[in-house]
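This structure is in structure tokens; I'll ask about it shortly.
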Amino acid sequence: PFKRAQLTWVAEEPITRTQLDRQRTAFWETAPSYEGRREIWQALQAACTTPDLHLARSILDAANVTLPTGNPAEGCFDELGNRYEIPLYCIVNPSNLV
């Protein structure tokens with residue numbers, strides 16, 4: 001199952017919503033260029049950005065993405081065995097968000 005509730009992180013310096021959004025956008029726009037399949041990255045982005053956990057799980061199931069630990073930051077796998085790692089800042093807000 002896709003987990004988000006127990007995940008926490010602290011930014012090195014307090015960060016604003018705008019800065020966090022820029023970081024997230026940069027990651028999602030560049031990640032498919034380095035490895036993995038674009039459609040899987042799109043499914044992962046949709047799952048990470050929706051506030052509805054049931055919808056997130058449905059998206060990942062439809063894309064045949066598995067999460068061995070339930071934490072996407074620890075690795076996700078597509079049906080071909082490709083590994084996808086998502087930074088925590090794309091999954092949850094930091095505790096020091098300004």
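Residues to consider are V98, V65; find the one that is surrounded by 12 or more Cβ atoms within 10 Å (Cβ to Cβ) and in contact (Cβ under 8 Å) with a residue 60 or more places away in the chain.
Values: V65 fails: in contact (Cβ under 8 Å) with a residue 60 or more places away in the chain.
Going through V98, V65 in turn, the sole match is V98.
Please go through (1) closer than 16 Å to N93 by Cβ; (2) assigned to a loop (DSSP other than H, G, I, E, B); (3) of a type outside the set (K, R); (4) modelled with pLDDT of 95 or more for N64 and return the number of the only condition it doesn't satisfy.
(1)
One line per residue, one yes/no per condition, for (1) of a type outside the set (V, I, T); (2) free of Cβ contacts under 8 Å to residues at least 24 places away in the same chain; (3) out of contact with any His (no Cβ under 6 Å at 6 or more places or on another chain); (4) surrounded by fewer than 18 Cβ atoms within 10 Å (Cβ to Cβ):
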position	(1), (2), (3), (4)
E12	yes, yes, yes, yes
I15	no, no, yes, no
D21	yes, yes, yes, yes
P32	yes, yes, yes, yes
R38	yes, yes, yes, yes
Q42	yes, yes, yes, yes
L60	yes, no, yes, no
C76	yes, no, yes, no
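Residue by residue through segment 14-38, note down the ones that are out of contact with any helix residue (DSSP H, G or I) (no Cβ under 9 Å at 6 or more places or on another chain), part of a helix (DSSP H, G or I) and not β-branched (V, I, T).
Hits for segment 14-38 are R17, Q19, D21, R22, A26, E29, S33, Y34.
Considering only residues that are modelled with pLDDT under 90 and under 15 Å from the mean Cα position of the chain (by Cα), which ones fall in segment 1-31?
The answer is P1, F2, K3, R4, A5, Q6, L7, T8, W9.
Please enumerate the residues belonging to segment 44-56 that are more than 13 Å from the chain's Cα centre (by Cα) and either in a loop (DSSP other than H, G, I, E, B) or surrounded by 14 or more Cβ atoms within 10 Å (Cβ to Cβ) (or both).
D52
The values are calculated or read from the model by the stated rules, or taken from the named source; none is laboratory data. These figures come from a predicted structure and were not determined experimentally. FYI the Cβ positions are ideal-geometry reconstructions off the backbone, even for glycines, and counts take in every protein chain you see.
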